[in-house]
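The values are calculated or read from the model by the stated rules, or taken from the named source; none is laboratory data. What you see is a predicted model; the values in this text were computed from it and never measured. A quick note on method: Cβ atoms are made from the backbone with ideal geometry, for glycine too, and the neighbour counts reach across all protein chains shown.
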Amino acid sequence: MTFAIHTLELGPMENFVYLIHDLSSNRAAVVDPAWEVPQLVKLAKKQNIEITDVLLTHSHHDHINGLNELLETYDAEIHLLKSEAQFWDHDLEKPTIHYGGDRLEIGKTSIEILHTPGHTPGSACYHLDGNLITGDTLFLFGCGRCDFDGGNPEQMYHSLKKLGSELNPETIIHPGHNYAHKCSSTMAEQLEGNPFMQINDLDKFIDYRMHQHDLERETPYSPIVL
């Protein structure tokens, strides 16, 4: 293994902020810097690593509100998908714009960027050697809302189907929020117990996501079978 993934739960919305630590170079990428940035800096210094990159899964405030503060400490390169940059329409200084399927290298750690629209138009998941950091696309036994600005349940349906069909069932899922009884899971567990992964009809998925789910279920989520 060329890397370690350090996890912090920060802020009032139970956000998971991830630090991808390349063991060969002691460089690190932060995924979705938000809330208590000093805790993130403290962890980096404790691990003796330099934060050189920031990976954004999407641009909602609860996932990016620590970005400017982090950049006051580290001269890090910001990465996001072009469609999310257009949706966000924020004046970032020299961000690195990507497309789905691109790869980026942090030392010897290779990270594949997957375009998974649905929660926002340019939502991204980051895939690295049996691990998937999912932001608000895929939660443990849930998925992100599609009724915010930029949300699209049809796109979410296809994004989740693509993840479920193309990734190894043993892929470890690292979600954007601590909304379940545990912090990580496997794709196999999600295919079996996540209701959004079970529905194979687009219209039923849209109805469940937009009208039924939030009335029937509350966090912390547990596996269910529809």
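Each residue in the range 31-60 was checked for being in a loop (DSSP other than H, G, I, E, B) and closer than 18 Å to Gly107 by Cβ, and 3 of them qualify. Cβ-Cβ contacts under 7 Å between residues 6 or more apart (or on different chains), taken from a first residue in the range 27-47 that is free of Cβ contacts under 8 Å to residues at least 40 places away in the same chain and within 20 Å of His60 (Cβ to Cβ) to a second residue that is part of a strand (DSSP E or B) and of a type outside the set (A, V, I, L, M), are listed as Ala34/Asn15; Trp35/Asn15. Looking across the range 194-226, the residues that are under 20 Å from Gly176 (Cβ atoms) and either outside any helix (DSSP H, G or I) or touching a Ser or Thr at 6+ places or on another chain (Cβ under 8 Å) (or both) come down to Asn194, Arg217, Glu218, Thr219, Pro220, Tyr221, Ser222, Pro223.
Within the range 62-75, residues that are at pLDDT 95 or above and assigned to a helix (DSSP H, G or I) sit with their Cβ atoms under 9 Å from residues that are of a type in the set (Asp, Glu) and surrounded by fewer than 16 Cβ atoms within 10 Å (Cβ to Cβ), at 6+ positions apart or across chains, in these pairs: Leu71/Glu93. Filtered by the rule that a residue be of a type in the set (S, T, N, Q) and crowded, with 20+ Cβ neighbours inside 10 Å, the range 5-36 gives a lone residue, Asn15.
Does the range 82-100 hold any residues that are closer than 21 Å to Asn15 by Cα and in contact (Cβ under 8 Å) with a residue 40 or more places away in the chain, and which are they? Once the filter is applied, which keeps residues that are closer than 21 Å to Asn15 by Cα and in contact (Cβ under 8 Å) with a residue 40 or more places away in the chain, the range 82-100 yields only Glu84. Do we find a residue being in contact (Cβ under 8 Å) with a residue 60 or more places away in the chain and part of a strand (DSSP E or B) anywhere in the range 114-122? For the range 114-122, residues in contact (Cβ under 8 Å) with a residue 60 or more places away in the chain and part of a strand (DSSP E or B): absent. One residue stands out among those in the range 38-84 that are crowded, with 20+ Cβ neighbours inside 10 Å and among the charged types (D, E, K, R): the one that is nearest to Phe148 (Cα to Cα), which is Glu84.
In the set (1) of a type in the set (Asp, Glu); (2) buried (at least 21 other Cβ atoms within 10 Å of the Cβ); (3) closer than 19 Å to His119 by Cβ, Asp89 fails one condition alone, (2).
Here is a yes/no grid of residues against (1) modelled with pLDDT of 95 or more; (2) buried (at least 23 other Cβ atoms within 10 Å of the Cβ); (3) within 16 Å of Met187 (Cβ to Cβ):
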| residue | (1), (2), (3) |
| --- | --- |
| Leu128 | yes, no, yes |
| Leu138 | yes, yes, yes |
| Gly144 | yes, yes, no |
| Glu154 | yes, no, no |
| Tyr157 | yes, yes, no |
| Leu163 | yes, yes, yes |
| Glu166 | yes, no, yes |
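Only one of the numbered conditions (1) over 26 Å from Glu112 (Cβ atoms); (2) touching a Phe, Trp or Tyr at 6+ places or on another chain (Cβ under 8 Å) is not met by His177, and that is (1).
Across the range 175-193, the qualifying residues are those that are assigned to a loop (DSSP other than H, G, I, E, B) and among the polar types (S, T, N, Q), and the one among them that is surrounded by the most Cβ atoms within 10 Å (Cβ to Cβ) is Asn178. For the range 209-226, taking the residues that are farther than 17 Å from Tyr157 by Cα and either aromatic (Phe, Trp, Tyr) or under 22 Å from the mean Cα position of the chain (by Cα) (or both), the one that is surrounded by the most Cβ atoms within 10 Å (Cβ to Cβ) is identified as Tyr221. Residues considered: Ile199, Ile172, Ile206. Of these, the only one that is touching a Leu at 6+ places or on another chain (Cβ under 8 Å) and crowded, with 17+ Cβ neighbours inside 10 Å is Ile199.
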